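The values are calculated or read from the model by the stated rules, or taken from the named source; none is laboratory data. These figures come from a predicted structure and were not determined experimentally. Note that we place each Cβ from the backbone using ideal geometry, even for glycine, and neighbour counts take in every protein chain shown. What goes into the accessible areas is simple: the full protein's heavy atoms, side chains included, and nothing from ligands, DNA or RNA. Shrake-Rupley method; radii C 1.70, N 1.55, O 1.52, S 1.80 Å.
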Amino acid sequence: MRQQLIETFDPNETGTQEDQVTRATDDKGKLIDLEKLGNDERKAQMQEVLEKQKAELAKREKEVSQEKMVALKTSALRFFDDWRDSILLRVGEVVNSRKTAEDQSKQANPELARSETETASERIETNDHEGTIAETLLKVYPPVETALRKVAKEKRILILHSILLLLLSLEHYNAYSRTLLLYLTTSLGLSVTILSEDEKKVARGLLTAAEKMSADEETKKRAEENQASRKWKMGIAGVAGAALIGITGGLAAPLLASGIGTALGGIGLGATAAAGYLGALAGSSVLVGGLFGSYGAKMTSKAMEQYTRDVEDFAFLPIQKPGESEIEARRLRVAIGISGWLGDKEELVKPWKCIGPGQETLALRFELEALMNLGNALTTLVTSAAWSYAKSEIIKRTAFAALTAGLWPLGLLKASRIIDNPWSIANQRAQKAGEVLADALINKAQGERPVTLVGYSLGAKVIYVCLQQLAERKAFGLIENAIMLEAPTPSRSADWRRIRSVVTGRVVNAYSTNDYILAFLYRSSSIQFGVAGLSPVLNVKGVENVEVGDLVKGHTLYRHATAPILKRIGFEDIDLQELEY
């Protein structure tokens with residue numbers, strides 16, 4: 001994991017093999033078939049390619065040696081090293097204490113419990129998409145060779161469960177912790193579904209147990225004494241100064257009753273052992289509330305009003321599954337879906353219903369009026385006669401070639417008044433929304449949980465700006481994944497190197513070379529820096545580029561294609577029922 005960070009800032013690490021090859025092209029950017037050239041011509045072209053490679057390497061070396069980039073690398077590595085040391089120290093406390101090990105061995109049941117939980121892992125539904133997920137995760141999180149892979153599956157599951165509890169005992173579950181568990185999952189030869197199900201069970205167990213803890217009365221008392229009862233309404237984690245209750249058998253019992261300490265497959269740690277692994281978290285509803293962002297209240301309550309001074313309508317809208325209670329909807333991970341423009345208000349939420357039950361999904365609402373105006377303008381433009389004519393002309397080129405050439409039909413340029421102003425306004429508001437989102441995440445609106453960001457069009461712009469802000473403010477360990485669909489943002493490597501440094505898991509750029517709407521909208525921007533939504537991001541290790549032009553026939557259709565795109569990239573959490581719908 002540390003090596004991944006180092007490679008992000010290594011000018012010699014450029015990602016895929018295809019990215020590393022500079023190909024011979026003519027003046028119009030068309031690839032030259034070297035096999036068809038004579039010897040002298042081929043040598044000349046190869047020499048030109050080598051010179052380009054040297055020039056590009058020199059450019060990358062200069063880029064990563066800049067003072068701000070060096071400071072970012074240093075800060076990222078320092079944060080990772082501190083996190084790693086805290087993990088090693090916590091594991092050492094458990095493993096190296098002989099008395100603790102002896103006590104826990106008496107509580108644990110090394111034999112399979114012949115109960116309903118025995119076949120829990122077998123009852124997890126499997127499907128064709130899981131094969132795609134498994135293949136993708138093996139590439140992104142390559143397994144480490146370990147003898148533990150040879151032990152019984154039930155014991156491997158228990159190891160995974162135990163490490164999850166130990167990570168939570170640090171009173172946070174940051175993005176690095178989650179990424180570590182994904183490496184452990186692939187190394188133990190387990191399905192990511194097992195990890196996801198375990199996370200759901202632990203989240204539900206912690207919140208259920210917290211409700212029963214005697215810390216509730218103490219917390220209420222302190223809240224009244226401090227005249228801060230309004231904080232209580234937002235969740236007991238918002239109240240400072242609550243006494244931490246020692247871990248006893250009485251407090252450990254609710255954990256066991258909630259299923260914490262028993263892994264899928266039936267092997268159990270026992271109540272005291274599970275509480276010991278969880279540390280202070282097992283005895284404090286305040287800490288549990290802090291982990292979940294005051295039980296989720298920070299992301300959905302009036303606490304968000306402080307951000308509306310900068311961006312109108314800034315709010316997180318929960319996307320709960322039908323029939324779920326508030327506790328059942330809570331997860332150890334958060335996904336935030338961001339729509340880039342709206343045809344109607346329902347499209348704030350609808351594209352993100354495809355995100356599966358492994359994460360607590362929320363939709364970000366911002367600048368509703370500006371996004372609605374942009375949606376109406378886009379619909380008017382694409383149905384206009386000027387666009388129909390223009391498309392027949394420019395379709396002879398790729399979208400990016402049409403953009404760089406600037407050869408837009410006169411009729412289309414005249415019709416641009418329909419779209420230019422709404423686009424400019426919404427684009428500026430997306431910039432501000434990204435800054436505000438970064439501020440909300442740094443202030444732990446999500447609690448101490450890892451966040452996955454997914455957005456299309458200007459929603460992807462919000463993510464791009466947010467991640468740039470996180471890098472600027474050296475805020476690491478917050479973001480697990482960032483997935484940007486048709487991002488109207490620059491594709492220059494320096495920007496995406498910064499993005500890569502603050503994301504512990506996957507950074508995905510889904511683009512289409514045939515998105516002529518995006519090319520037209522972007523025509524007045526700084527095209528010399530490229531457009532991520534129209535072409536791959538090159539020369540940054542760890543950025544995944546996925547062409548999705550065959551799934552989406554136009555920029556206005558992305559809101560309907562989120563599920564197929566997420567399926568193609570091997571996204572870990574997809575609701576297959578929504579995909580079929």
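Among what's in segment 176-198 and is under 20 Å from ASP82 (Cβ atoms) and in contact with a Phe, Trp or Tyr (Cβ under 8 Å, 6 or more places away or on another chain), pick the residue that is surrounded by the fewest Cβ atoms within 10 Å (Cβ to Cβ).
This residue is TYR183.
Starting from residues that are over 24 Å from LYS567 (Cβ atoms) and in a loop (DSSP other than H, G, I, E, B), keep the ones in segment 436-467 and report whichever is most open to solvent (accessible area, probe 1.4 Å).
The extreme case among them is ASN443.
Select from segment 325-381 the residues that are touching a Gly at 6+ places or on another chain (Cβ under 8 Å), of a type in the set (S, T, N, Q) and touching a residue at least 60 places away in the same chain (Cβ under 8 Å) and list them in ascending order.
SER339, THR379
Are there any pairs with C-beta distances below 8 angstrom linking a residue in segment 407-422 that is under 14 Å from LEU374 (Cβ atoms) and open to solvent by less than 30 Å² (accessible area, probe 1.4 Å) to a residue that is of a type in the set (D, E, K, R) and in a loop (DSSP other than H, G, I, E, B), with the two at least 6 apart or on different chains, and if so which?
Filtered contacts from segment 407-422: no entries.
Here is a check on your reading of the model: is LYS139 free of Cβ contacts under 8 Å to residues at least 24 places away in the same chain, open to solvent by 20 Å² or more (accessible area, probe 1.4 Å), assigned to a helix (DSSP H, G or I) and out of contact with any Ser or Thr (no Cβ under 7 Å at 6 or more places or on another chain)? Full working, then the answer.
Values: free of Cβ contacts under 8 Å to residues at least 24 places away in the same chain: yes; open to solvent by 20 Å² or more (accessible area, probe 1.4 Å): yes; assigned to a helix (DSSP H, G or I): yes; out of contact with any Ser or Thr (no Cβ under 7 Å at 6 or more places or on another chain): yes.
When the stated conditions are applied, LYS139 passes them.
Can you tell me which of (1) at pLDDT 75 or above; (2) open to solvent by less than 70 Å² (accessible area, probe 1.4 Å); (3) within 30 Å of CYS466 (Cβ to Cβ) is the one ALA399 doesn't meet?
(1)
Would it be correct to say that ILE527 is hydrophobic (A, V, I, L, M, F, W, C), open to solvent by less than 20 Å² (accessible area, probe 1.4 Å) and either at pLDDT 95 or above or touching a Ser or Thr at 6+ places or on another chain (Cβ under 9 Å) (or both)? Working first, answer last.
Details: hydrophobic (A, V, I, L, M, F, W, C): yes; open to solvent by less than 20 Å² (accessible area, probe 1.4 Å): no; either at pLDDT 95 or above or touching a Ser or Thr at 6+ places or on another chain (Cβ under 9 Å) (or both): yes.
No.
Report yes if GLY530 is touching a residue at least 40 places away in the same chain (Cβ under 8 Å), small (Gly, Ala, Ser) and touching a Gly at 6+ places or on another chain (Cβ under 8 Å), otherwise no. If you could, list the steps in order and put the result at the bottom.
Numbers: touching a residue at least 40 places away in the same chain (Cβ under 8 Å): yes; small (Gly, Ala, Ser): yes; touching a Gly at 6+ places or on another chain (Cβ under 8 Å): no.
No.
Might you let me know whether segment 512-535 holds any residue that is touching a strand residue (DSSP E or B) at 6+ places or on another chain (Cβ under 6 Å) and aromatic (Phe, Trp, Tyr)?
no
I want to confirm something. Restricting to segment 162-176 and keeping residues that are in contact with a Gly (Cβ under 8 Å, 6 or more places away or on another chain) and among the hydroxyl-bearing types (Ser, Thr, Tyr), which single residue is nearest to ARG506 (Cα to Cα)?
TYR176
Among the candidates SER229, SER187, single out the residue that is more than 21 Å from the chain's Cα centre (by Cα), modelled with pLDDT of 80 or more and not aromatic (Phe, Trp, Tyr).
Working: SER229 fails: modelled with pLDDT of 80 or more.
That would be SER187, the only listed residue that is more than 21 Å from the chain's Cα centre (by Cα), modelled with pLDDT of 80 or more and not aromatic (Phe, Trp, Tyr).
Pick from LEU362, LEU317, LEU371: which is modelled with pLDDT of 80 or more, among the aliphatic types (A, V, I, L, M), surrounded by fewer than 22 Cβ atoms within 10 Å (Cβ to Cβ) and not in a loop (DSSP other than H, G, I, E, B)?
Details: LEU362 fails: surrounded by fewer than 22 Cβ atoms within 10 Å (Cβ to Cβ); LEU371 fails: surrounded by fewer than 22 Cβ atoms within 10 Å (Cβ to Cβ).
Being modelled with pLDDT of 80 or more, among the aliphatic types (A, V, I, L, M), surrounded by fewer than 22 Cβ atoms within 10 Å (Cβ to Cβ) and not in a loop (DSSP other than H, G, I, E, B) holds for just one of LEU362, LEU317, LEU371, which is LEU317.
Out of (1) open to solvent by 40 Å² or more (accessible area, probe 1.4 Å); (2) aliphatic (A, V, I, L, M); (3) more than 22 Å from GLY92 (Cβ to Cβ), the odd one out for ILE157 is which?
Failed condition: (1).
So how many residues does segment 482-519 have that are out of contact with any Pro (no Cβ under 8 Å at 6 or more places or on another chain), part of a loop (DSSP other than H, G, I, E, B) and buried (at least 24 other Cβ atoms within 10 Å of the Cβ)?
The number of residues fulfilling the criteria is 7.
Any idea how many residues of segment 54-74 are crowded, with 16+ Cβ neighbours inside 10 Å and under 15 Å from GLU472 (Cβ atoms)?
Residues of segment 54-74 crowded, with 16+ Cβ neighbours inside 10 Å: 56, 60, 63-64, 69, 72-73.
Adding the requirement that they be under 15 Å from GLU472 (Cβ atoms) leaves 69, 72-73.
Result for segment 54-74: 3.
Table: residues versus (1) within 17 Å of SER457 (Cβ to Cβ); (2) hydroxyl-bearing (Ser, Thr, Tyr).
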residue: ALA532; (1), (2): yes, no
residue: GLU544; (1), (2): no, no
residue: GLY549; (1), (2): yes, no
residue: THR562; (1), (2): yes, yes
residue: PHE571; (1), (2): no, no
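Out of segment 531-547, which residues are surrounded by 21 or more Cβ atoms within 10 Å (Cβ to Cβ) and part of a loop (DSSP other than H, G, I, E, B)? First the steps, then the outcome.
Applying the first criterion (surrounded by 21 or more Cβ atoms within 10 Å (Cβ to Cβ)) to segment 531-547 yields 531-534, 537, 539-540, 543.
VAL531, ALA532, GLY533, LEU534, VAL537, ASN539, VAL540, listed by residue number.
So, of the residues in segment 289-314 that are modelled with pLDDT of 80 or more and not in a helix (DSSP H, G or I), which turns out to be nearest to GLU211 (Cα to Cα)? Walk me through how you get there before you give the answer.
Of segment 289-314, the ones modelled with pLDDT of 80 or more are 289-293, 313-314.
Add one more test, that the residue is not in a helix (DSSP H, G or I), and what stays is 292-293, 313-314.
Values: PHE292: 13, GLY293: 15, ASP313: 32, PHE314: 30 Å.
Out of the qualifying residues, it is PHE292.
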